1. What full-extension length gain, to one decimal in nm, is calculated for E250 and D281 as 0.36 nm per residue of separation minus the Cα-Cα distance?
2. What does the highest-first list of 313-326, 227-240 look like by mean Cβ count within 10 Å?
3. Using the beta-carbon distance between E334 and A85 and R0 = 51 Å, what value does 1/(1 + (r/R0)^6) give for FRET efficiency, to the nearest 0.05?
4. What FRET efficiency do you get for D174 and A307 if R0 is 35 Å and r is their Cβ-Cβ distance, rounded to the nearest 0.05?
5. For segment 95-206, what is the accessible area per residue in Å² when the probe is 1.4 Å?
6. Is there a pair in K169/K230; K162/K290; K162/K200; K261/K347 whose C-alpha atoms are over 23 Å apart, and which pairs would that be?
7. Using a 1.4 Å probe and ignoring any ligands, DNA or RNA, find the accessible area of L99 and quote it in Å² to the nearest 10.
8. Please report the carbon-and-sulfur percent of the accessible area for segment 217-324; probe 1.4 Å, protein heavy atoms only, DNA, RNA and ligands left out.
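The values are calculated or read from the model by the stated rules, or taken from the named source; none is laboratory data. These numbers were taken from a predicted model, which means no experiment stands behind them. Here the Cβ is made from the backbone with ideal geometry for all residues, glycine too, and neighbour counts use every protein chain on show. For the accessible areas, the whole protein counts, side chains as well, though only heavy atoms, and no ligand, DNA or RNA atoms are used. Shrake-Rupley method; radii C 1.70, N 1.55, O 1.52, S 1.80 Å.
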Amino acid sequence: MNIRFYSLALTVVAMLSSCSNDEGMAAGGGTSHNPGDVAVSLAAAGLTRASIESGADGLFETDSIGVFALASGVLPGVSADGGLAWATDGGWGGSTVLLDNVAANARRSPDATHTDMAFADGPYFYPNDGVYSYSFYAYHPRTSNVEATDSTRVAVIRLTGKEDLIYGKAVGSDPEAFSAIYFRRPGNEGNVPSVHFEHKLMRLTFTAQPVADADGQFDAVCDMAIDSVKVIGVPAEARLTVADMADGNEDGKVSFDWADKAAMEDFLLLDTGDRPLEHGDYFMQVADGKPVEMAVGQGIMLPVPPAGAGQHRYQVAVTLRDRLGNVYHGAPQEVGLPGGRAFEAGKSYNVKLVVGMGLDTLSAARQARRCAGIMDIVEAQGQ
């Protein structure tokens, strides 16, 4: 019996779902040190849900946001001998670093109308007699591995395929924004800094569908299940430029080492709740004589490979398991878009696994080798 991986079809599904731009995200709160102290508060716009668990209303929860508040200018009429070097000096009034990778948690509001965010270790406040205005930077997932200089912050993040890497910043246009003085000006009380988040990764999702044998039957193939799916050759270390004082265009840029093949890893497709796939849930199915296309797993978040001829290409490897426990390994196959089109951050692409059966007298071992040679890529359709 010959297991046949007929094709691997890639389809651009849609932009990763985004929440309404008026979804609010508040940070800070709590008890002030002194009456009149101004607590640090934030709002989020353009926040997307993707692999971060969210409901139909687009609201989400996560405990892994890192927040920076770094000096962006000297307040009008104030003298600052230390300039704008982002070195934490421990002082409130003169500190150029107000928040340095502070952990924040996002939660659905009690009335389920927006997402609240609070710092994990309590509220923070602007200096009352401050020297600087501040800009805000935030990212997910938070890491403790941050490279800091007097003019940059770079987060080094390990990826496994589960993480939805997002980034955003809030930079004020007023020379006093953002500071305690700014928020004490009449009319500025509600001008909360709004962090505009965006995706930094792409996503592959997977579906599987059986095809009939030479006699038009599905009986044999319906004894086969998807056992595992993995993406081969993924750079697992992301270097996210959180903030660059010299060049704001560098803020939010992510880099990966595409040349070090030995350091790349294989990302395994997981099920809901980051559980391993249970093959018993993914046997091929037929309804009313027609093949059923089923979703497999929760998708894999991936760095966007460089565009252009000769650049890195991801490979997908699929393993099947029959009802007797026999395992069949398909050969890794490249995944790409037709016409040389490039993958894009913030988009989700569906890989369709089409599986069928043929009859022969090969041994199980030779069947596995034979399978590995007949899996191919069907030209993708974009949306």
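1. Numbers: separation 31, 0.36 × 31 = 11.16 nm, distance 4.45 nm.
Between E250 and D281, full extension yields an extra 6.7 nm.
2. My ranking of the peptides, most packed first, is 227-240, 313-326.
3. Values: r = 47 Å, r/R0 = 0.92.
Efficiency, from the Cβ-Cβ distance: 0.60.
4. 0.35
5. 40
6. Too far apart for the 23 Å limit: K169/K230; K162/K290; K261/K347.
7. It works out to around 0 Å².
8. Ligands and nucleic acids excluded, carbon and sulfur reach 45 percent.
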